[in-house]
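Contents: one structure, followed by commentary.
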Amino acid sequence: MHNRSKSHVAFSRALRVIPGGVNSPARAFGGVGGEPIFIARGEGPYLYDLDGNRYLDYVGSWGPLILGHGHPRVIEAVQQARASGASFGAPTEAETELAELIVELMPSIEMVRMVSSGTEAAMSAIRLARGFTGRDLIVKFAGCYHGHVDSLLVAAGSSATTLGVPSSPGVPRGCTADTFVLNYNDIEGLRLSFKHKGDHVAGVILEPVVGNMGLVKPSLEFLTELRKLTQHHGALLIYDEVMTGFRLALGGAQELFQQKPDLTVLGKIVGGGLPVGAYGGRADIMRKIMPAGPVFQAGTLSGNPLAMAAGLATLRELKEYPPYAYLEHLGQRLAEGIGSAAGKAGVPHQIARVGSMWTLFFATKPVVDYDSAKKSDTARFARFFWSMLERGIYLPCSQFEAAFISMAHSEAQIEQTITAVSEAIAVQAQ
Ligand code: HOZ
């Protein structure tokens, strides 16, 4: 059993001054019980806690660290930028350089605006969709999570599911009155809703591959129908690629599934581990944003030089040395190994994976939407999580989050993970 006494002391101290002892509920271990571990440092594929325990990390800061912890190119870029100053609240060339790179890598994006988080990007994209179309109604899908934007905090995944809070006190009914929730992958439901309400829809927002109810894959037919219906009814299609952007392919899920949304919401990798979000898309829509147009959106730290440097270094590395074939290879082997371990142990499971994102659901039927995800055995997941942690593997602390493989993971570490899963699952089966 690992000694985590220093983490315990740090958590007790944090509880006195930080609500729940954490700055985001997703990291509180609420879905698995027990106390979070406090991190001292990260290095390559590893995390080290305050007590000196080492863990092979499959969270990667919830997605941004595709290059692993402390990648030398990213560190050097941030140090260089720091030498010139941390923030100016005035334009810098790095902002344009990052914007140019995003526009180059994601063909649906013609112009892009930087913000400081995925939440902020989603919130701004929704406002822009409404401002552009002159309509109010937004469609979202149950179990998709787009940050803690008031109007999108309905049937939300991620920690809003983990903690059993599908929406939240403090969100006035009026804020969600114009949010219409549909089921993911439900083509008939989509058609029916668009038949009745399509001409009132400002935008449809979705995770094109969902990470926030665990990993859920879209059907190509679902994505294609969504594009067709939104186009037909003059509604904007908004892809939330905060997790999938630059991860599933350089051009994100939209490249992988050959789709072209009107707007894309970005976060995580685009900031290389520093707080950055971005939203971009068709130039005619983006030109509605102030000061080019009338839709207001602003931020003192938007385009912050340190964050731009980290984002640029990360995207340049990904462009020059695309890791996607390697990540696919590791992902495939991991999923195969886990599937066979769980199969041998006779544990009901579904292994879901796209590229380097994956989830082991303890569910009897395939997980295709929020309802099927919620049928997972979360008590079994909690036991599995702790067994894995004891074996030095750090997984997302919830059944309803995706795990991430990074470039820093090796084949040997994937095999080590499969062995750990076999042992942890064997305990589960007893
Ligand atoms: N957005 C992350 C994935 N669901 C969770 C991270 C957080 O809320 O702290």
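Entry note, the chain: the mean residue ellipticity at 222 nm calculated from DSSP H runs of n ≥ 4, each adding -39500 (n - 2.57), is -12500 deg cm²/dmol after division by the residues and rounding to the nearest 500. Between the alpha-carbon centres of the range 292-312 and the range 17-68 there is a gap of 27 Å. When you filter the trypsin sites (Lys or Arg not before Pro) in the range 88-147 for DSSP loop state and at most 14 other Cβ atoms inside 10 Å of their Cβ, nothing is left. Figure note: I393, I75 ranked by solvent-accessible area, largest first, 1.4 Å probe, ligands and nucleic acids not counted: I75, I393.
Rounded if a/c is under 1.5, else prolate if a/b is larger than b/c, else oblate: which is the range 363-430, with a ≥ b ≥ c the root eigenvalues of its Cα gyration tensor? Don't skip to the end; give the middle numbers.
On the way: a/c = 2.10, a/b = 1.39, b/c = 1.51.
Oblate, because a/c is 1.5 or more while a/b does not exceed b/c.
Using R0 = 30 Å, the C-beta based FRET efficiency linking K288 and S84 works out to 0.35. Placing +1 on each Lys and Arg Cβ and -1 on each Asp and Glu Cβ, with no other charges, gives the range 184-249 a dipole about its Cα centre of roughly 100 debye.
Computed in the context of the full set of protein chains, the accessible area of the range 241-369 at 1.4 Å probe radius has 57% of its extent on carbon or sulfur.
Think of the chain as a dipole: +1 on every Lys or Arg Cβ, -1 on every Asp or Glu Cβ, centred on the Cα centre; then among A345, L229, A283, A345 lies furthest on the positive end. Converting phi to 3J(HN,Hα) with the Karplus coefficients 6.51, -1.76 and 1.60 and the offset θ = phi - 60°, the range 179-196 yields 10, 10, 9, 10, 8, 4, 6, 9, 5, 5, x, 5, 4, 5, 5, 5, 4, 8 Hz in sequence order, with x at every glycine or proline. Charge dipole (Cα centre; +1 on Lys/Arg Cβ, -1 on Asp/Glu Cβ; no other charges) of the chain amounts to roughly 780 debye.
Computed over the range 119-235, the P(r) curve from all C-alpha pair distances, binned at 5 Å from the origin, holds 2, 12, 22, 25, 21, 13, 4, 0 percent per bin. Taking every alpha-carbon pair under 8 Å whose residues sit at least 6 apart, the chain reaches a relative contact order of 22 percent.
Out of all Cα-Cα pairs in the range 293-332, roughly what percent, to the nearest whole number, are more than 11 Å apart? Counting every Cα pair in the range 293-332, those more than 11 Å apart make up 73 percent.
What you get for the range 284-430, charging only the Cβ of Lys and Arg (+1) and of Asp and Glu (-1), is a dipole of about 300 debye around the Cα centre.
On full extension, the segment bounded by T96 and K195 gains 31.5 nm, given 0.36 nm per residue less the C-alpha separation. Using the 1.4 Å probe convention, the accessible area of the chain works out to 41 Å² per residue with neighbouring protein chains retained.
Toward the positive end of the charge dipole of the chain, with +1 on the Cβ of Lys and Arg and -1 on the Cβ of Asp and Glu, the farthest Cα among F400, T244, Y321 is that of F400. Taking only the C-alpha atoms of the chain, the Rg (one decimal) and the largest Cα-Cα distance, Dmax (whole number), read 21.0, 63 Å.
At 0.36 nm per residue, minus the direct Cα-Cα distance, what do Y326 and E104 gain on full extension? Give it in nm, one decimal, please.
On the way: separation 222, 0.36 × 222 = 79.92 nm, distance 2.25 nm.
Between Y326 and E104, full extension yields an extra 77.7 nm.
Return the Rg/Rh value of the range 273-392, two decimal places, where both radii are evaluated on C-alpha atoms and Rh is the Kirkwood radius. Rounded to two decimals, Rg over Rh is 1.13. Treating r as the C-beta distance of E390 and E76 and R0 as 30 Å, the FRET efficiency rounds to 0.25. Spin-label model, A177 to E411: label points 7 Å out along the Cα-to-beta-carbon direction sit 6.1 nm apart.
Against the empirical curve 2.2 N^0.38 Å, the C-alpha radius of gyration of the range 198-275 lands at a ratio of 1.10.
For A408, the residues whose modelled amide H falls within less than 5 Å of its own, excluding neighbours fewer than 5 places apart on the same chain, are G68.
Full extension of the chain between N23 and D371 yields a length gain of 122.4 nm, computed as 0.36 nm times the residue separation minus the alpha carbon distance.
Give me the percent of the accessible area of the range 185-231 that comes from carbon and sulfur atoms, probe 1.4 Å, all protein chains in place. Provide the component values of the computation, followed by the final result.
Working: 980 of 1820 Å².
Carbon and sulfur together cover 54 percent of it.
Less than 5 angstrom separates the built amide H of G143 from those of A156, G157, all sequence-distant by 5 or more or on a different chain.
The values are calculated or read from the model by the stated rules, or taken from the named source; none is laboratory data. Computed from a prediction, not measured in an experiment: that's the story for all the values here. Ideal geometry is used to build each Cβ from the backbone, glycine not excepted, and the neighbour counts take in all protein chains shown. Accessible surface areas use protein heavy atoms only, side chains included; no ligands, DNA or RNA. Shrake-Rupley method; radii C 1.70, N 1.55, O 1.52, S 1.80 Å.
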